[in-house]
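Coordinate-derived values only; no laboratory data. Just so it is clear, the model here is predicted, and its values are computed rather than measured. In this analysis, Cβ positions are derived from the backbone assuming ideal geometry, glycine residues included, and neighbour counts consider all displayed protein chains.
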């Protein structure tokens with residue numbers, strides 16, 4: 001096998017021994033399963049839900065663009081509207097990445113807003129921003145499709161492929177799963193709180209009644225002050241480490257990075273408190289030149305992305321394969337996968 | 001509160017609103033609990049178990065040192081011996097970081113070993129390296145202390161603080177917990193395999209009989225070719241994203257980064273297959289100047305680290321607080337925490 005013919009299976013392996021030996025045969029990898037999805041399983045992301053954030057060029061002069069997908073209803077819509085308002089007011093232009101904390105978050109905003117390393121005056125916010133309530137961190141789950149686990153259901157519904165997934169997704173809440181392309185968790189308020197928090201509780205309720213998005217790698221959230229402040233959307237962060245699920249329902253999640261994550265995750269870590277760039281290292285702050293809603297860009301500059309439906313058969317096969325790796329590199333399938341280890345496939349439209 | 005008096009609670013918050021408002025009162029944060037630990041709960045790491053890896057200086061001329069703790073028995077000792085052999089043969093000197101894959105791993109070794117982007121000849125390995133078996137990815141659990149969950153036990157032993165932790169640690173295996181300062185998982189072979197892989201299985205065995213270390217952020221493992229190859233220790237990687245637990249029992253873990261992780265996690269991502277630096281970007285490879293076993297260094301250059309006992313009362317309180325954040329920033333405690341969200345506290349000795 002020549003070196004440029006790298007299979008998707010090898011792409012996911014930890015070593016790529018293509019020169020040394022033939023690749024063994026095996027089951028399709030998760031990415032190979034996704035590559036076989038029918039075109040109709042790919043769902044276009046509205047241009048109104050995409051933000052294009054342009055950072056200052058890198059030291060070698062190369063361009064750095066980050067594309068963010070904003071979250072659709074029912075989640076966090078007040079903050080999402082604020083973010084569009086801030087982008088359209090060009091408020092984000094000429095702010096900066098001020099904080100990079102290893103295995104936690106990259107945060108950008110006004111360098112003078114709540115920055116323990118700075119004494120300057122904060123940039124005034126535009127009029128018309130909504131003030132959101134802490135109750136908006138979660139959404140009622142009525143009429144909400146939910147594909148995931150609820151404890152016991154897996155054992156009672158083995159013939160239903162959606163339910164045989166139930167054991168995969170972790171135990172941070174009574175329910176963990178996917179809906180409309182996003183990783184979500186939930187509770188059922190009828191479940192006694194003691195049982196709601198245990199890994200092997202005996203309850204069996206068919207649906208959550210409250211759901212919320214979860215803090216996986218690359219998710220974007222809203223920085224805030226102490227409760228009851230909920231943040232405006234002017235300070236944003238993305239997760240660059242192991243999923244900090246303790247932030248779920250404590251901060252608003254508003255989206256995720258769909259392209260250019262490496263421009264944020266590889267930034268130098270700050271040495272100040274909380275990973276802020278300390279006095280004397282302000283030069284490490286990465287300037288943000290502009291943030292635009294994609295639908296406001298000329299058609300030729302407008303990025304187009306699509307995600308793999310989390311309600312389709314391909315996603316079920318993909319998630320199952322992520323949980324039970326049988327492609328050639330693997331010898332022991334895990335038998336399960338954390339919800340944040342099943343990233344929803346997203347690609348440029350038409351690829 | 002002045003800006004330089006940043007509390008440990010605020011250190012863990014996502015925003016640091018110290019200028020804007022008084023910090024509210026709250027329960028001690030996980031780090032505050034650790035800070036109160038008795039000196040005898042801190043256990044010295046033997047100098048023989050520490051590696052000092054010196055990278056080429058950064059672009060701004062600053063030094064870059066990474067300290068790795070090698071794993072003690074019963075885990076991966078053949079590979080760990082190989083790594084000491086390779087370090088003492090100075091084999092690692094003048095190799096490089098060749099691969100940086102976002103949300104996955106940073107890998108270092110011989111740029112010409114199994115690199116799809118390179119055609120050069122591989123560097124010969126020293127004599128005397130052990131060849132390990134796949135069965136060595138896990139260890140028998142006899143006489144092995146284990147602090148963690150085994151499904152049902154939490155409900156039957158609420159009076160025992162060690163067992164009330166049981167629901168915290170995730171569901172990648174029948175057992176997830178900590179032992180001798182390391183995150184570990186396990187199975188009990190007497191449990192039917194179907195039940196072994198389910199989140200809410202009804203079995204109740206008091207101990208695992210097979211245990212293995214888990215792929216949390218910052219853990220160090222051994223790159224390998226396809227099975228039955230198990231790698232020698234000449235190619236090493238560390239995790240820079242969400243814990244890739246599907247690699248557990250598929251690759252040997254041999255240690256973890258205890259200092260200088262940011263020098264690896266912030267490296268530019270490779271654009272080649274698997275995050276290797278592609279043809280034309282070889283200049284992005286970070287040279288490794290030397291790797292030394294700390295016990296071989298002069299006393300004045302020898303780093304000294306200690307970890308918080310995972311068998312002590314402070315660790316129980318720390319883990320419980322990580323799972324149920326009640327310090328001022330938080331409004332809804334999660335009620336659980338993934339094993340990889342409870343990093344074992346490690347510090348320079350005497351701090």
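What the table shows:
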{"read-out": "Inter-site label distance for residue B:131 and residue B:302 at 7 Å from Cα along Cβ, in nm", "value": "3.6 nm"}
{"read-out": "10 Å Cβ neighbours from other chains, averaged over peptide A:245-253", "value": "6"}
{"read-out": "Shape category assigned to the range A:206-351 from the gyration tensor of Cα positions, a/c cut at 1.5", "value": "prolate"}
{"read-out": "Average beta carbon contacts from partner chains per residue of B:337-344, 10 Å cutoff", "value": "4"}
{"read-out": "Relative packing of peptides A:37-46, B:288-297, B:301-310 - highest average C-beta neighbours within 10 Å first", "value": "B:301-310, B:288-297, A:37-46"}
{"read-out": "Cα gyration tensor shape of the range A:272-312, rounded if a/c is under 1.5, else prolate or oblate by comparing a/b with b/c", "value": "oblate"}
{"read-out": "Least to most buried among B:265, A:135, A:227 (fewest other Cβ within 10 Å first)", "value": "A:135, A:227, B:265"}
{"read-out": "Within 10 Å of each Cβ in A:225-232, the average number of Cβ atoms from other chains", "value": "5"}
{"read-out": "Per residue Cα convex hull volume in Å³ - calculated over the range A:51-106", "value": "116 Å³"}
{"read-out": "Label-point gap, in nm, between residue B:313 and residue A:227 - each point 7 angstrom along Cα→Cβ", "value": "2.8 nm"}
{"read-out": "Ranked list, fewest to most other Cβ atoms within 10 Å of each Cβ, for A:137, A:175", "value": "A:137, A:175"}
{"read-out": "Order of A:261, A:219 - criterion: other Cβ atoms within 10 Å of each residue's Cβ, fewest first", "value": "A:261, A:219"}
